Amino acid sequence: MRTIAIISQKGGAGKTTLAVHLAAAAAGDRVALLIDTDPQATASRWSEWRGGKDPEVIDCGAPSLLATKLSRARELGAELAIIDTPPHADAMARQAAKLADLILVPCRPKAFDLAAIEATAELVKTSQTPAFVVLMAGPPNAPLIYREVAEIIRGTFGLAIAPAVLPERAAFHHSTAKGETAGQLDPQGKAAKEIAALWRWTCEQLDMPTRAHGRTPAAGL
Ligand SMILES: Nc1ncnc2c1ncn2[C@@H]1O[C@H](COP(=O)(O)OP(=O)(O)OP(=O)(O)O)[C@@H](O)[C@H]1O
Ligand SMILES: [Mg+2]
């Protein structure tokens, strides 16, 4: 089983949006589940709104429980676990970073968000787990902004950047509010294509081939 931790100490960076969309993309392809470690329980609520359809979302209230939840998921046949973490929660984020094979750090390409990435960058580097920033909710067509932001993230904070971005798209907002994904709302839309590209790139990072068909994750967690 591979594990991805979605981490940003900044509130509203796009962690849950990224987590649910990657988990849903994964569930079309393999046995995937989402572990919601945020007391706000946004991902769990999204799962309720979608009537429990894949991906399965389970909660984890304490950092000390996370390793056991992951082992149990592995035993029950999960192939991928995605951990959504809370903002301003050092202990949970550190534990998720330590246990993951890959860390994704969502970040808006905006000045205040970039300044706030410092604490997350320190946490991520301490874990020694491979990590990439995923730029979220920026302007769809602004190559200069993305170049400038990439320089700051690499140069000032020493973090790598995912080549796939999820720009500002209304589909992300409208879909999650209904327990759906942007791809479900508009399968031919730009957001759907961007998520598919991000999922393919994520599979490459995890050395995990994509498949045509998935299965339902084992119940009982
Ligand atoms: N690419 C995007 N396009 C449009 N809206 C987006 C995008 N990414 C995130 N958002 C919106 O930004 C808001 C915050 O996103 P989200 O809840 O995923 O952040 P978060 O990091 O999980 O927040 P928290 O720290 O509170 O857990 C949501 O309203 C979401 O719909
Ligand atoms: Mg969240």
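Read-outs throughout are calculated quantities, based only on the coordinates presented, and are distinct from any laboratory measurement. The structure displayed is predicted, hence computed values, not measured ones. Note that we place each Cβ from the backbone using ideal geometry, even for glycine, and neighbour counts take in every protein chain shown.
A compact table of results
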read-out: Residue pairs, from the table LYS53/LYS125; LYS98/LYS190; LYS10/LYS190; LYS10/LYS69; LYS125/LYS193; LYS125/LYS178, whose Cα atoms sit over 28 Å apart; value: LYS53/LYS125; LYS98/LYS190; LYS125/LYS193; LYS125/LYS178
read-out: Interchain or long-range residues, amide H under 5 Å from ILE82's placed H; value: ILE4, LEU33, LEU34, ILE35
read-out: Percent of Cα pairs exceeding the 24 Å cut-off, where the set is the range 2-205; value: 34 percent
read-out: Mean projected area (nm²) of the alpha-carbon convex hull when the range 110-221 is viewed from all directions; value: 9.4 nm²
read-out: Cβ-based charge dipole, the chain, positive-most Cα from THR37, CYS203, HIS174; value: CYS203
read-out: Kyte-Doolittle at least 0.0, axis length at least 15 Å by Cα - qualifying DSSP helices, the chain; value: 15-27, 117-127, 143-155
